[in-house]
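Q: Have a look at this one.
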Amino acid sequence: MNRNAEATRTNKLITGFKRYWLIYLMMLPGFLYLIIFQYIPMYGIIIAFQDFKPFGGIESIIFNPDWVGLKHFRDFFSSYYFTRLLTNTLLISVYKLVLSFASAILLALLINEVRNKRFKKIAQSISYLPHFLSAVIIAGLVSFILSPSGGPINGIMQALGSQPIDFLGNENYFRSILVVTHVWASVGWGSIVYLAALAGTPVELYESADLDGASRFQKMWYISIPSISHIIIILLILDLGNILDAGFEQVLLLYSPGVYSVGDIIDTYVYREGLLNANYSYASAIGLFKNVVALVLILLANKGAKMFGDKGVW
């Protein structure tokens, strides 16, 4: 019986491949990309459990490795930097996730309520624009605007009689600058998925609500949001997997030693230890720890979504 079932499944796979071979061919470049650049490099994870010598060649990894077990993980967990890095990473990531996630949903709902098509297209284009700017350009704009010498913000403050402030070098402002900049750069692009989901909402629902005398806010609350709730759950689960990605490029381009106490995150620490100090095994152990935490969070979030009646990601 099992053999017959397996034969049937095999025949279905072969038939499906013959019928949709062109689609499989289109998938091939993406599949090769994942294999070559995502899965094969995972072999390098083993150096997190070795005392890797950068100039030892492949022999030091495969033929004569110096295994140290969990030494690098213990060193990181017991180091002074562990608590600071984890706190900074979580705080910055959670702030970004909450504000950018909510802002994208709110922007999509507001744009969906606009009836003037021309204004709607202009508003969408303006909100998408920051997404296409590189992190270097955005960091340059932020540095110029907040510069204590010649920046427009400090220029206005000086005109009002206040002293200039080095915002990017001040621990009280640095995290807020990171979060606000991230929200500004990502909110428009993040709203695209929600707008697409809202476009599929049956018009009859809104027409029925109009007949019942529902206000725009009521239609938004009782029709628009429930119609995209499944998309919200899926994207939230996926974003939780990146909870320890606090924005490496943004932080690296904006931070300085003066704000390490509030701005230094796991990725920037890995960059300094791995590339600048050539401590590859230690940096790999930290990166592996971060990825394991991300995997656990995705699994828990998906399970939680199913417990509350949603389908989850898988």
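Q: Report the trypsin sites (Lys or Arg not before Pro) located in the range 234-314 that are in a DSSP loop and have at most 13 other Cβ atoms inside 10 Å of their Cβ, or state none.
A: Those that pass, being in a loop and sparsely packed, are LYS311.
Q: Students often forget the sequence filter, so: which lysines lie under 24 Å Cα-Cα from LYS71 once same-chain residues fewer than 8 apart are removed?
A: Of all the lysines, those that pass the test against LYS71 - Cα under 24 Å, at least 8 places apart if same chain - are LYS53, LYS290.
Q: Continuing with this model, one more query. Let me check against my output: what whole-number percent is the relative contact order of the chain, with C-alpha pairs under 8 Å and at least 6 apart? The partial results should precede the final answer.
A: Numbers: 286 pairs, mean separation 79.2, N = 314.
Relative contact order of the chain: 25 percent.
Q: Apply the Karplus curve 6.51 cos²θ - 1.76 cosθ + 1.60, θ = phi - 60°, to the phi angles in the range 236-243 and return the couplings in whole Hz, x for Gly and Pro.
A: 5, 4, 5, 5, 5, x, 9, 5
Q: Per residue of the range 206-216, what does 6.51 cos²θ - 1.76 cosθ + 1.60 with θ = phi - 60° give for ³J(HN,Hα)? Whole Hz please, x for Gly and Pro, Karplus curve as stated.
A: The phi angles translate into 5, 5, 5, 5, 4, 5, 7, x, 6, 7, 5 Hz.
Q: Run lengths n ≥ 4 of DSSP H only: what is the helix-derived mean residue ellipticity at 222 nm for the chain, with -39500 (n - 2.57) per run over all residues, to the nearest 500? Intermediate values should be presented prior to the final figure.
A: Details: 15 runs with 200 residues, N = 314.
My calculation for the chain gives -20500 deg cm²/dmol from helical runs alone.
Q: Please work out the C-alpha center-to-center distance from the range 237-314 to the range 164-203 and express it in whole Å.
A: Measuring centre to centre over Cα atoms gives 19 Å.
Q: Under Stokes-Einstein, with the Kirkwood radius over Cα pairs standing in for Rh, what whole-number D in µm²/s applies to the chain at 20 °C and 1.002 mPa s?
A: Working: Rh = 23.8 Å.
D, rounded to a whole number, is 90 µm²/s.
Q: For the chain, with a Gaussian network of springs between Cα atoms less than 10 Å apart, report the residue from TRP184, TRP21, TRP67 with the top mean-square fluctuation.
A: TRP21
Q: Going Cα to Cα from LYS120, which lysines come in below 30 Å? Please leave out same-chain ones fewer than 8 positions away.
A: Correct list for LYS120: LYS96, LYS219.
Q: Under a crude label model (7 Å from the Cα following the beta-carbon direction), how far is ARG9 from ILE45 in nanometres?
A: For ARG9 paired with ILE45, the spin-label model returns 2.5 nm.
A short reminder: the numbers here are calculations on the coordinates, not readings from a lab. As the structure is a computational prediction, the values presented were derived from the model and not from experiment. Because the Cβ atoms are built from the backbone with ideal geometry, glycine has one as well, and the counts that use them run over all protein chains shown.
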